[in-house]
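The values are calculated or read from the model by the stated rules, or taken from the named source; none is laboratory data. Please read these numbers as outputs of a predicted model, since none were measured by experiment. For neighbour counting, all protein chains shown are included, and Cβ atoms are generated from backbone atoms with ideal geometry for every residue, glycine included.
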């Protein structure tokens, strides 16, 4: 029997899913449903003119439902340079700056897709139109959209909506029920503080060496980076900043930073977190762990009672449990999730929330009506219902947020949180050299964990060396990266 063409099968499947959706949409579309028109879309992510992924993810269904609309991708980046990299002293263009240029050019896009950290600059430069009046005029219902998404977008727009996002990713606190039962400790619950979670971690942790059951980690992955986890999950909600608005002066030599570093270092000393990996010593894991294909994950290997897990990892955990019989060294994990803990001074704020498909209407759009129709479409209920079948996708409409494949877990934990407020000047953090400033802090923090210096001494070193690096970057923004030695001041 001859195999059917893959594209034919794919098209037939999409048609079977979207025919009812198309009928519903054509009944309500305000733009003329017969006149052929072009809808121009540009992104800051360097997609090419006919990018297959972008179309599959966002426009394919719309094109089936609107055969009179032709989607045209406006390139914002030289694909040849993107794939080969800069050569002979070329400077890689800033994707956001290029997008801004295209938005104001002679062939402006109608719709633009940006990253969350890029949205404020688009708004502050008056490059996008406000959506609130359009939402009100068309009575477009956003009441069912996840607050973590809507509140985050409003935060970026100073309380107003300039964009919508149909999908997002988030994290939650996952816990191993058996480890809690064995320790006689009550399970975690929603809306706990960080101190409450750390106290639980101390009570449930036990054992030594290969038999150690750790209480908590900022990541479920083995050999996780404690500094990175602390920055993303623990420090960010407190809005502790590394440097000032102009990236000219470090702002880490403070009492608040010292309190955070000292606390995490003390918790490490009390063995709340997994021990840092000592790469100078040979690995000594037992045979069961060596046979376990999921040994890279402390939680799936039942070495960790609680950890921060992203929604995309849930399918891996479910797959591991289903396949347990095939793996000699793996034991199924009985688990559930609760909301990521928060600080008392930032109650309910926490977790890493990424929005996918953030789209706005260009202020210079030549086809604003279809642009708004498109944004309504991909943020509507029918689109959410269709996309909700994906195992790794969280759609922005709560109605369609349900565990897949008959699984039962507290999925609300992934969206009953508030996103961390955005930095005043998030673009500064995108500078490719800023990782060097952060790496100075990482190395100093490691010295603090080793007991070689105090938290405040480490922060003073980060402040001093970071100031020097910021000055170098300002004086020579296009120069070669310069490595800087890590210096430790005497403890005491």
Inset, instruction - Hey, could you check region 242-256 for residues that are surrounded by 16 or more Cβ atoms within 10 Å (Cβ to Cβ) and at pLDDT below 95 and say which is nearest to the chain's Cα centre (by Cα)? - result: 242
Inset, instruction - Could you grab me the full set of residues in region 345-360 that are at pLDDT 90 or above and either over 30 Å from residue 104 (Cβ atoms) or buried (at least 24 other Cβ atoms within 10 Å of the Cβ) (or both)? - result: 345, 346, 347, 348, 349, 355, 358, 360
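Please find, among 101, 117, 121, the residue that is in a helix (DSSP H, G or I) and over 22 Å from residue 72 (Cβ atoms).
Working: 101 fails: over 22 Å from residue 72 (Cβ atoms); 117 fails: in a helix (DSSP H, G or I).
Just one listed residue meets the conditions, 121.
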Inset, instruction - Would you mind telling me which numbered condition in (1) at pLDDT 95 or above; (2) under 23 Å from residue 416 (Cα atoms) residue 260 fails? - result: (2)
Inset, instruction - Considering only region 162-224, give the strands (runs of 3 or more DSSP E) lying wholly within it that have at least 1 residues that are within 11 Å of residue 305 (Cβ to Cβ). - result: 171-176, 214-217
Inset, instruction - Would you mind stating whether residue 190 is free of Cβ contacts under 8 Å to residues at least 60 places away in the same chain and over 17 Å from residue 438 (Cα atoms)? - result: no
Inset, instruction - Please indicate, with yes or no, whether at least one residue in region 139-158 is in a helix (DSSP H, G or I), surrounded by 16 or more Cβ atoms within 10 Å (Cβ to Cβ), more than 24 Å from the chain's Cα centre (by Cα) and on the phi < 0 side of the Ramachandran plot. - result: no
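Across region 306-320, which residue is nearest to the chain's Cα centre (by Cα) among those that are touching a residue at least 12 places away in the same chain (Cβ under 8 Å) and farther than 19 Å from residue 213 by Cβ?
Restricting to residues being touching a residue at least 12 places away in the same chain (Cβ under 8 Å) and farther than 19 Å from residue 213 by Cβ, the top hit is 310.
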Inset, instruction - Those residues that are surrounded by 11 or more Cβ atoms within 10 Å (Cβ to Cβ), at pLDDT below 85 and assigned to a loop (DSSP other than H, G, I, E, B), I need them from region 65-85; list them, please. - result: 75, 76, 77, 78
Inset, instruction - Filter region 302-331 down to the residues that are in a loop (DSSP other than H, G, I, E, B) and modelled with pLDDT of 90 or more, then identify the one that is surrounded by the most Cβ atoms within 10 Å (Cβ to Cβ). - result: 303
Inset, instruction - May I ask you to list pairs of residues, at least six apart or on different chains, whose Cβ atoms are under 6 Å apart, with the first in region 70-85 being under 19 Å from residue 114 (Cβ atoms) and the second being modelled with pLDDT of 55 or more and surrounded by fewer than 14 Cβ atoms within 10 Å (Cβ to Cβ)? - result: 72/38
Legend entry - Qualifying residue in region 164-177 (condition: at pLDDT 95 or above, in contact with a strand residue (DSSP E or B) (Cβ under 9 Å, 6 or more places away or on another chain) and exposed (fewer than 15 other Cβ atoms within 10 Å of the Cβ)): yes
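Within region 333-342, count every residue that is crowded, with 16+ Cβ neighbours inside 10 Å, over 20 Å from the mean Cα position of the chain (by Cα) and not in a strand (DSSP E or B).
1
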Legend entry - Total residues in region 404-461, condition part of a helix (DSSP H, G or I) and either closer than 19 Å to residue 266 by Cβ or modelled with pLDDT of 80 or more (or both): 27
